[in-house]
Amino acid sequence: MTAVGPPGGYGGARPPSVANHLSGHAGGPVVQAGRIHGGIAYNYHLPPPVPDDVPDQVPAVRRFTNRTKDLSALDSWLARYAADAPGIGVLSGLPGVGKTAMACRWAGLARERFPDGQIYVDFASLRDRAGSDVSEAVGMCLRALGVSDQYLPGSLAERVGWYRTRSAGRRMLLVLDDVTEPAQVTAPVPKGRGSAVLVTSHRDLSELALDQAEFLRLEPLDRDSAPASRPAAEQGADGEVWPLAEAFTVLFLHHRHLGDWKESLELGAAAAARAGEPAAEARLLSLLSRLLLDLGEDDRAREELQTAVARADASGHPVLRASVREFLGRYWDRADPARAIAVHREALDLNTAAGERRGAAIAAYFLGAAQDAAGDHTTALATLRGARGELLELGDARMAARAAAAIGLAHGHLDEPSAARDELREAVRVLREQDAHHYEAQALVVLADLAPRTGEGPATVREYLARAVEIHEEGGSPAAEALRERLNRLEETPD
């Protein structure tokens, strides 16, 4: 190191004796200087911290039914990638078949095979946030590897690059839950040899075959696979079975484990019947009908609903009677609009008699929508306007906006395009404010369909569809592709 004295030197004299001392601990570079001439620019970035512990994020599975064959298939898949480039495995199947439980169970059994940790990303939760879910997913992976928020790159490309650097040399497992598109998988693939990515999805991800992904489809559980309420049912503890079935409904509504949910409701409804609990039986059979409709078992859904109506009526609870008829109305909305009108009107009358203003207003909304679908557009307008007014008085802006959108649709059916456009635009505005983006997108598509009759040009239609596409793509909607194709065709049309 060369010492530099003052300009002109020290004139032949000995330079002064200088001693530098530093006490304590320095967390970065240190500059010691007597005199400084000119400007100094010094840039220094702290390295991202290295975690003391490996990530361990995959949820534990407390109850897991027999999937020995499927677990063995995953083990065989892992063996092929044990010392090779990272592998991708995709668990597919109907919603609720147990894909998440399967992935988490296998991760728990394979813990020792991934000494550098296991990371878990749930895309269902990311779809409710603003921004790109892929970028946020990679950000979550970086955080799991010890990168704090202040060091997270802003762009997706930069995050992916930094993630590959951080994951190089690590043998780790990444579980991606509820994936809806291939890009959610390919971006966060770790770089370390022997690593693996395990994906759950009920969508078509066959494009991942280009990335050498392996696919395993899970079939519904057989009769030897029991929900939590089965042990109590086998012991004849009916007083425990039906409350358990109702308690687990909240969980099933969120996670959609359809196979287990179906059996739980069946066991619960049967137990309530044996225990002489008609109200509980009616509630459980109504929920079962909703599940059966999702599974395409419409005939059985109708049978269960008929029993539910009888049990609700026997209970004497007007609110329960109205609630059961709401489920029945959903069935008839598909099968017979005229009968749907009658059932929704019953629900309205029962809620009114019970003093349930909001329940009555919502029933009126569904009644008006059914009347419009059946072709009675003028009556539908009157019903829907009454529902909207009541909902506004109750402070329910979201449902009031849905009613406004239905009013716009009815105006369109009456060949009143200007009135339809005004109602739908107002509905879109409020639904956007209320973060009810699914219903916002529905109204936007109706506005786009209405445009030729309102004189709005291609540029305005493109705005409607572009926003609708954005909403559907962010939510992973299967309607996104068709809307995107429609928008692309429209972009070729001159203004």
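Read-outs: derived from the displayed coordinates by stated rules, not from any lab. Remember, predicted model here, so these are calculated numbers, not experimental data. A quick note on method: Cβ atoms are made from the backbone with ideal geometry, for glycine too, and the neighbour counts reach across all protein chains shown.
Under the rule a/c < 1.5 gives rounded, and otherwise a/b versus b/c splits prolate from oblate, where does region 407-494 land using the Cα gyration tensor? Oblate, because a/c is 1.5 or more while a/b does not exceed b/c. In whole angstrom, how far apart do the alpha carbon centroids of region 375-391 and region 113-176 sit? Their Cα centres are 49 Å away from one another. The peptide list 378-385, 86-93, put in order of mean Cβ contacts within 10 Å with the highest first, becomes 86-93, 378-385. Given their separation in residues at 0.36 nm each and the Cα-Cα distance between them, THR460 and SER76 gain 132.8 nm when the chain is fully extended. In this simple spin-label approximation, ARG111 and ASP211 carry label points 7 Å from Cα along the Cα→Cβ vector, and these lie 2.7 nm apart. Residue by residue, region 461-469 carries 3J(HN,Hα) couplings of 4, 4, 5, 4, 5, 4, 5, 5, 4 Hz when phi is fed to the Karplus relation 6.51 cos²θ - 1.76 cosθ + 1.60 (θ = phi - 60°); x denotes Gly or Pro.
Scanning residues 5 or more positions from GLY117 or on other chains, those with amide H under 5 Å from its amide H are LEU173, with H placed 1.01 Å from N in the peptide plane.
Remark: region 345-352, residue by residue, has Karplus-estimated 3J(HN,Hα) of 5, 4, 4, 4, 5, 5, 5, 4 Hz, where x stands for each Gly or Pro and the curve is 6.51 cos²θ - 1.76 cosθ + 1.60 at θ = phi - 60°. Amide H contacts of VAL199: GLY89, VAL90, LEU91, LEU176, each under 5 Å away and 5 or more positions distant or on a separate chain (H built 1.01 Å from N in the peptide plane; Pro and chain starts excluded). Report the calculated FRET efficiency for LEU414 and SER155 (r = Cβ-Cβ distance, R0 = 41 Å), to the nearest 0.05. Efficiency computed from Cβ-Cβ geometry: 0.25.
Let me make sure I get this right: for region 112-182, a, b and c are the square roots of the gyration tensor eigenvalues over alpha carbons, sorted descending. Under 1.5 in a/c it's rounded, otherwise prolate if a/b > b/c, else oblate. Which is it? Present the calculation step by step, with values, prior to reporting the outcome.
Working: a/c = 1.97, a/b = 1.20, b/c = 1.65.
Oblate shape, in that a/c is at least 1.5 and b/c is the bigger or equal ratio.
In order along region 355-371, the Karplus-derived 3J(HN,Hα) couplings, from 6.51 cos²θ - 1.76 cosθ + 1.60 at θ = phi - 60°, round to x, 8, 5, 5, x, 5, 5, 5, 4, 5, 4, 5, 4, x, 5, 5, 4 Hz, and Gly and Pro are given as x. Ordering 185-192, 155-162, 203-210 by mean Cβ neighbour count within 10 Å, with the highest value first, yields 185-192, 155-162, 203-210.
Given axes a ≥ b ≥ c from the Cα gyration tensor, I'd like to know whether region 68-217 is rounded (a/c under 1.5), prolate (a/b larger than b/c) or oblate.
Details: a/c = 1.73, a/b = 1.26, b/c = 1.38.
Oblate.
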